[in-house]
Every structure is written in structure tokens, then in C-alpha cells.
1. Where residues in segment B:86-100 are more than 10 Å from chain A (Cβ to nearest Cβ) and modelled with pLDDT under 90, which of them is nearest to residue B:213 (Cα to Cα)?
2. Among the residues of segment B:123-134, is there at least one that is at pLDDT below 90, closer than 28 Å to residue B:252 by Cβ, within 14 Å of another protein chain (Cβ to nearest Cβ) and out of contact with any strand residue (DSSP E or B) (no Cβ under 8 Å at 6 or more places or on another chain)?
3. I'd like the full set of residues that are in contact (Cβ under 8 Å) with a residue 40 or more places away in the chain and assigned to a helix (DSSP H, G or I), limited to segment B:159-173.
4. So which strands (runs of 3 or more DSSP E) are wholly in segment A:487-598 and hold at least 1 residues that are over 23 Å from residue A:412 (Cα atoms)?
5. Name the residues in segment B:140-165 that are modelled with pLDDT of 90 or more and more than 24 Å from residue B:101 (Cβ to Cβ), would you?
6. Any residue in segment A:724-737 that's within 15 Å of residue B:245 (Cα to Cα) and within 14 Å of chain B (Cβ to nearest Cβ): show its pairings with residues that are part of a helix (DSSP H, G or I) and modelled with pLDDT under 75 at Cβ separation under 9 Å, as long as the two are six or more apart or on different chains.
7. Looking at the structure I just gave you, is residue A:619 modelled with pLDDT of 85 or more and either exposed (fewer than 15 other Cβ atoms within 10 Å of the Cβ) or in contact with a helix residue (DSSP H, G or I) (Cβ under 9 Å, 6 or more places away or on another chain) (or both)?
């Protein structure tokens, strides 16, 4: 017998006072109400008779006391939670994964309205077949997982959670759902004495993973199922027909901006060739239609030419049904039959260049590309003292201010670039070094994209000591030479060397960057990343559910967002002019405006060939290959590679997994044990044998598994205590009446 | 009529009482000629018996018819008519000062009723409270003394905590004549009532006991843990009133009543149990009449 006290020490002390109080009360003299009667003659006679039964009276009083003490005692015992090791026959622990991705909208589900409804029906049937000792959990997944119901034996709760599951238009990513399932199937357990919510330390328990899906997810090879035995329950048909739009955009002709070209890519994921019309609407009005012939499994382009000088909303629809709703061609998924885009007004950025004269920068800011998006104003450093500057700096009128060998007294409400100078606060510089030898460049940063600057020559420069949170974009032998630091929603790019230096003879080049090809690209990157320039005329498109960030004039505090449903809401503009939009599950056009002035638009489309590929996969791969007993055939691509490299190339598992298998000696090449460095040839068969897992699979199929649990008696003790309480009440009321 | 009179006897009740008559089961020897039969043989019109003639007897008493038949001289004897002595004894102890109306008040009413009946019949009536105040009780005869009786009764206050025996003994010493004695009491004397009643019997009185109890004493509306205080001696009794105890109490009351009834019946005492919630006129004209106290 073991105990798990439910109370703290001081609480036990308080409980201990209760029986003492009960006993004391019994021994305290009863307070009796005095009452004058004509004579106690007859009462005395009456009581005399009772005195004969005083023993019974005393016993009756003692019985009440005994019952009350028993109730308190049983309650205290229940609070001690006595228990003993026990074995629970637990048949099944089920983890049910329900696919709610876009492809589950497909209507090839027989009597069910969609694959999603078919999957729900199958899960419902499975829940109905559960025994009282089975427990199950339900997780809905698309590109993220949502636990609808954690482990429970309550079938009604499971059914309610199943009813709460909703179809989405998101793509599929099984990985998160598997991690959630594995984590919840065997949560970490601790053991702490005296903790009422203690769970005993236990090994991971086996569980059956049921995946209700149409298989529209890539193989997941970097996940170890462990004690989860996975079963894939497919919904849908293997020969579902579908045509889908997988890309759609519109661009203005840069030569003739009033001419717009719209282009769409359409695929046929079915097994039969299809010919269909694609209709283009502009602002809800018919513009054009084109006939598209699609062989099975092939895609085709659909170009359109339009004339529109302004912003416009475009919608492309595949005519898979006629006006009466009758199907013209077989198409099981509707959501990818419509695509949206918009022609947006070009967003130009206003750039203020503070310089005594910097021809390279001015030239770079006036290239054809830069000129399309940039409105440049050049001022001398003395302008910084003017009231005009102070006003524009304090109101954030400019999208970007470039300080060339100059610096303001106070930082403006704009992004900034400092060339050969420092911001007035938080930045420091080292000693002048010459020459400056660059040793590192952060190519991943958008500002440094497409740049090749290792051959850059810099005469002299000062290494930077940027504030905390900054990113070093260029590093020289003496220290960082270009860093980007955040500043309360804005960004400051500081270059530690000058492009042009002042000398007695005038301005001289301090670097040959301006004559390098990367220089105008660098300036354009700055315009895009720091200025927020958008040089494309097509609205950006996003996937359903993605969080979208749009850039608007940073002087605005709020903007209105109109969703495809027509709902309008007000959003806050963050410092820097960024607007974050979430909840983009619905496909269609989203537009930002302020007082009826259009600020920007973006579209949400499915554009997911994998989701549009409705052919139900017969086999999916989760975890190491051997679960599905797959043998990998080495092709010419892998020929000559080592076993490890070939397995990695064949997507047999992750690198650590493959290394572990090779070390354990469970990799077979053509049936024989393979070494890591053994080379493979075309036609070799690679396989991983995991005897332990195979045994584990067999064990899991043996049927009911005994699970060690803890039997507890507190419920029975409480029940008995309630029984005694009832008896005590009964006895007391009989005594009164 | 004084206000106290109307409290004790209403005009309507008085009118009805005038038609009643006290009933005695024995023949008593009174001091004056009244309307009662006496066992003393005397001169009256009612023939009682014969005896032989002896020299000196009144010749007018000789039954000549009997002489003619038997040739012997016999004298006729006649019952002498005598008046009745009526005593109403009221227990005025503190225990009688209970109920609404109080037992003492009802006792006074009863005594007034019975006393008036006797006064109407020219009986010798004395209504007295047991204890010292009984010494002041007037002896009355005739209806005109009604007011004196009522005046006395009005002066009787509760709290005469004299035991029944002492009270009766004192009465017996002061009143040597026999007659009808109606003892109106609750019999709740811890010293017992038996000696008192025996004393009355020894005076060869026609004893009636009216056992007067309030409804609250017969069915007490009490509950809970109580400390009962005796109104006469302050005695305490701690009780926890519940259904069981109440049933026991009622049994005790019934047993007490039965014991008193039994004691009385064995001694030719008429026992009457009366409740204070019974109207007095009904008690007298019906209840007492049914039991032969009045006719």
C-alpha cells in the first residue's frame, strides 16, 4: 500500500483539529433554554423513566459521536489516497490524425460530400468501435497541427471534437502533426513525493497512429515513430480527375505601361486529357477567354493581353461547370479552379540624399530600374539644420534617407543609410585602417543579395561597433564594415568606409565599388529592402493561412483591410509602415486602403500542385524505410557514391539516421551488410533492417497490452464516508423528532 | 353587580344556575331546617319508621291503625328536613396560575357557579381557597350573598404555596360540619393528594374532586433542549424534548390521571377531569350535571 497525501502539512493540521472539535463539543454542557412550568412533578416522573434507559441514551449520543468521527476519519483516509500497484487491461491507445488540407475538399468520396466528410465518417465509425478501456486522441492537421481532443476514453467527447473539426484551404505538412502525436502519446512524466498531481514515471506506451488522409503529403523520412504504429487510412479515389490553376500573375509592359499581360499555368492531374476554357474577368467584367488543351499529367500556359492603365483586380476561372452547374469536365476539386491577382499601382519610394555631392550614388539611384521606383531628392548637409528637414524627419515623410559623410543631430522617423559617417546615438567606430580587406559577406541578407564584393578595393575605413541586435553584412579584417541595426521599428544601415572622400583636390574615390557591377544592384537592394520599393505591377500572392506583411506609408497609423468575403476591418500600422495581416485562410483578393485611397492589394491562392494532385497515394512513407519494407534501387545518379551518400540522395532517411544505421550494421546492400564508405553501382539494392522495430511491430499486434497503473481506494472511502454521514443525519433527525 | 362578578359569572349563566340544585349522595345532619332530607328522625311530614310506645312518648305520634290491627301501641317516626353544607375548596397554589385562562380563574368560576347554586337553595355555602386566605372566606346563605362570595373569590390570588394536605387539614380543623366538599385542584402536589382526600373522607363529607388541567399541560407544545423550572419550588428538570419524550410525558399524565381516578373511585370520591379550555357554563350545566354534581 502506498499513499499520495493530497494535503500540505498545515492543511493536515487543520483537518486534525476537526475531530478534536467534535469531541469537545460533545463534552461541552448543552445550553438549555430555561422555561417556567406549573410543576416539574410530571416531567420529573417522565425523566425518571428515561433514566432507566440512560445507557441507551448515552449509547445513542455516543453513536452520533462515533459516526461523525468515522466520517472525518474516512475523509482523511481518502485524502491520503492509499493505493497499490495494479494492472490495467488496456486494449488500444489510438492517435487519430484527420487531414483538413485543401485537397480534402475533393468530391470523389462516393456517398460522402467530400474526402473530408468521408474521413470524418471513418473516424466516427472507429470511435463507435472503441471499448470502454480504449483511449483515443484526435488531431486535425493541414500545414499545422491542432489537437482537437487529448487522450480520453469518453467517446462523446471524441465525437464532439470531431464535429468541431473544420475543412481548411491550407496545404499539407504531416511533420507537425506527427510530432504533436508522438509528444502527446507519451508526455514526459515526473514523480514527486507529496505532489497530489503526481504521475509515476513510466516507459513510453505503444499507441496506434491512424492517419485519415488522401495522402497529399510528402514522405516524412525525418521522423522516428518510436512506439507509434502507423496506419494510413486513405480517402478518395486513385483516379480522381482535377484541373487546377497553379500560377497566375499580371505584369505591365514596361515599354507601354497601359498594356498588361496576364499569365496563368494550368495543370491536369487526372489520367484523361482535358480541354476546357479559362475565362478572365477584370474588376468583375468579362475580358477574355481561352481554350486550353491539357494532356493527362501535363500543364499548359494561358496568356492574356489586357489594356488597363490603372489598378485592377483580375480573376481567372476554369470553366469546369456550365451556367446550370452541370459538369463540363470531371473536376473533383473546386478551390483550385479559380485564381486571383491584381494589377497594382507601382509603389515608389521617396529617397532623400544628404551629400555634398556623390555622383556614384546619384547615378545608381537614377538607373532605369531604380528610377522606376525611386523619387530622389538631393540636399546638402546644411539642409539638416533647416526647419523643413526637421519637420520631414519628425513626420517620417521620406521612406529612406541616405547620409553621405553627414549625420543628423537626431535620428529621423525613417530608415537610414550612413556612408562614411555614424548615427548620432549607440554607434561607435574603431581606428582608421588602411587598406580594408573584406573577409566575410552575409549573402543571405536581402541587402547583400546577388552581390559579389570580395574583389572590392577599399582604401581606408573604420571598423564599426554597432549597437546590440545588429547584423554584420560586411566584415573586414579590422572588424565589421557594414552593419544593419534595428531602431524602434526602423533600420539603420551603416557603411564604415566612404565611397567618395573629400580631399584638398576635391572628391576622390575611397573605393572602386561604384565601378563594379554589384554597386547598382546594392543600391537597388537598399531601395527594395530599406525603402520598401515595389517594382512589380502584379500583386503578391500568398498561400492560404500565411501571415502577410504589407508596406504602406509610415505616416499612416491605421488602414482598412477588405477581405474576399467583403468584410472590412481596421488594422494598425506598425513603425516603419508595416501592416501585418493574419487569418488569410480564404482565397481571393485582399486590399488595403485608407479613406478610399488604395494602398495595396495581395491575393491568396492555393497554387499548390501537390494539393491539386488528387490521385490518392496507395502508400505513404513515414519514418525509416523498413516500416513499409521499401528497397531502394541505386540509379545512375547515385552510382559511384558511398552507401551513406546514396541513401541520403534516395531520401531513405536523415543523415544522422543513416549514420546510426550504418554504425549498427543494419544496412544491407544486395542482401549483405554494407559499410558506410562502400561505393554503390547502378542497380544496387539498398535496404535497412531494424529487427527491434520489427519485433516491436509484432508485439503491438499481439492484442491487449498490460499497463501498470495505480489502484486507488479514495473513491470507495469517500462513498462509505457519505454513507456514514447519511446514517448520522438519520439518527440525529430521529432523535429530534 | 361588580365587574369581577361578570368575569366569573355572566348574567346568562346566573339565570341558568338558578334552575340547578346541588346533589348530595348522603343525608346529612344540618343545624337548621333546610330543604334537605336528614337521617335524623324528627317532626316532619315524611314517614320514616315505627317503634314501640314507651311511657312519656307523644300520644299524637301513635299509629292508631296499627293498634287496631295488632292491639299494640306503636309510634310513627318522621324524617326531619335539614339544610346542606356546601364547601368549595380552591387550590390557589402557584401551579394553578398557568394557562390562558389560568386554572385558578377557571377554578374560581367553577366555585362561583356551584356556590351560587347552593345559595339559591338556601344551602350553607362556603367558598374558600386552601391556605391562610381561606380563613377569611365567609359562610353564606341565600342568593343575596352572591356578591360577598364573588368579592371573596376576586381577592384570592395565586401563590398560596400550601400543600394540599396542609390546606385541607386547616380547613377541616376550622370547619367541623360535614357536607359536600368540592376540591378544585390540579393535584400537582409533590407531597401527594392522597392524605388530603383521606382527610376529607374522614370528615364524612361527600367529596368531589375536580381535577383541573390546562391543555398545555396535557399536550405541551415544547421542543428542544430545555431547563424546566417549577413555578412553586423552583425545582429544575433538564429535558431534551423530542417525539419520544413527549409520548412518554403523555403516558405519565394519563397514568397520573388514572391513578387519581382509581384512588377516588375506591373511596367513593367523585373524580372529574376538566380542561380549562372547556367553557364554564358548559362544564357546569352539562359536564357536572352528567356526573351528578348538580341537577
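The values are calculated or read from the model by the stated rules, or taken from the named source; none is laboratory data. Computed from a prediction, not measured in an experiment: that's the story for all the values here. Cβ atoms come from the backbone with ideal geometry, glycine included; neighbour counts cover every protein chain shown.
1. Taking segment B:86-100 as the starting set, the residues that turn out to be more than 10 Å from chain A (Cβ to nearest Cβ) are B:86-92, B:100.
Pick out the ones that are also modelled with pLDDT under 90 and you get B:86, B:100.
Values: B:86: 23, B:100: 11 Å.
Once the filter is applied, the top-ranked residue is B:100.
2. Checked against the condition, which is being at pLDDT below 90, closer than 28 Å to residue B:252 by Cβ, within 14 Å of another protein chain (Cβ to nearest Cβ) and out of contact with any strand residue (DSSP E or B) (no Cβ under 8 Å at 6 or more places or on another chain), segment B:123-134 yields no hits at all.
3. Keep residues of segment B:159-173 that are in contact (Cβ under 8 Å) with a residue 40 or more places away in the chain, which gives B:159-162, B:164, B:167-168, B:170-171.
If the condition is that a residue be in contact (Cβ under 8 Å) with a residue 40 or more places away in the chain and assigned to a helix (DSSP H, G or I), then B:164, B:167, B:168, B:170, B:171 are the ones that fit.
4. Details: elements: A:490-495, A:500-503, A:506-509, A:540-542, A:548-551, A:558-562, A:568-572, A:578-581, A:588-594.
Once the strands (runs of 3 or more DSSP E) in segment A:487-598 are filtered for at least 1 residues that are over 23 Å from residue A:412 (Cα atoms), what remains is A:500-503, A:506-509, A:540-542, A:548-551, A:558-562, A:568-572, A:578-581, A:588-594.
5. The answer is B:165, and nothing else.
6. Close Cβ pairs (under 9 Å, with a partner that is part of a helix (DSSP H, G or I) and modelled with pLDDT under 75) amount to A:735/A:60; A:735/A:61.
7. Working: modelled with pLDDT of 85 or more: no; either exposed (fewer than 15 other Cβ atoms within 10 Å of the Cβ) or in contact with a helix residue (DSSP H, G or I) (Cβ under 9 Å, 6 or more places away or on another chain) (or both): yes.
For residue A:619, the condition - modelled with pLDDT of 85 or more and either exposed (fewer than 15 other Cβ atoms within 10 Å of the Cβ) or in contact with a helix residue (DSSP H, G or I) (Cβ under 9 Å, 6 or more places away or on another chain) (or both) - is not met.
Condition check ((1) over 37 Å from the mean Cα position of the chain (by Cα); (2) farther than 30 Å from residue A:606 by Cα) across all residues:
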{"position": "A:326", "(1), (2)": "yes, no"}
{"position": "A:341", "(1), (2)": "no, no"}
{"position": "A:366", "(1), (2)": "yes, yes"}
{"position": "A:394", "(1), (2)": "yes, yes"}
{"position": "A:403", "(1), (2)": "yes, yes"}
{"position": "A:419", "(1), (2)": "yes, yes"}
{"position": "A:422", "(1), (2)": "yes, yes"}
